[in-house]
Amino acid sequence: QVQLVESGGGLVQAGGSLRLSCAASGRTFSAGAMGWFRQAPVKEREFVAAITWSGGRTLYADSVKGRFTISRDNAKNTVYLQMNSLKPEDTAVYYCAARSSGFEYNLSVDKFYAYWGQGTQVTISS
């Protein structure tokens, strides 16, 4: 099994920044990928960003392009999500997810991620 633990969530003012971390343990997905998803109250879970472990290829949702940056530290089995220029609509529970496949065409599809963290709350105030 793969265990994922998110951290770094909290309360921040609109326009501010926050960095989320996701520490993975249990096994190595050398050809896989890690992703960030979020879910706001009464809304469906949506894709935020993803990165492949091997090549470091990234994919972002249109809503966060230019504001969020995903990165990884392979030695630490940790993925980060740097969030800048935060908006109230970014408020949600953010989830880290892992998958064994790194095919770019489905990096944004939550169904292809087999392992999930417990989530961390991000709240952006006006």
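Quick notes
- As a length-normalised measure over Cα pairs under 8 Å and 6 or more apart, the relative contact order of the chain settles at 36 percent.
- Counting protein heavy atoms only, the range 38-126 has 48 percent of its accessible area on carbon and sulfur, 1.4 angstrom probe.
- What the range 29-124 shows is 50 Å² of accessible area per residue, with the surface traced by a 1.4 Å probe over protein heavy atoms.
- Whole-Hz ³J(HN,Hα) from phi, Karplus 6.51 cos²θ - 1.76 cosθ + 1.60, for the range 101-112, glycine and proline x: 10, x, 4, 4, 5, 10, 5, 8, 9, 5, 4, 8
- Non-local lysine pairs in the chain, meaning eight or more places apart or on different chains, with alpha-carbon distances under 22 Å, amount to 4.
- For the range 61-68, Karplus couplings with θ = phi - 60° (6.51, -1.76, 1.60), whole Hz, Gly/Pro x: 5, 4, 5, 10, 4, x, 10, 9
The values are calculated or read from the model by the stated rules, or taken from the named source; none is laboratory data. A quick note: this is a predicted structure, and the numbers were derived from the prediction, not measured. All accessible areas refer to the heavy atoms of the entire protein, side chains included, with ligands and DNA or RNA removed. Shrake-Rupley method; radii C 1.70, N 1.55, O 1.52, S 1.80 Å.
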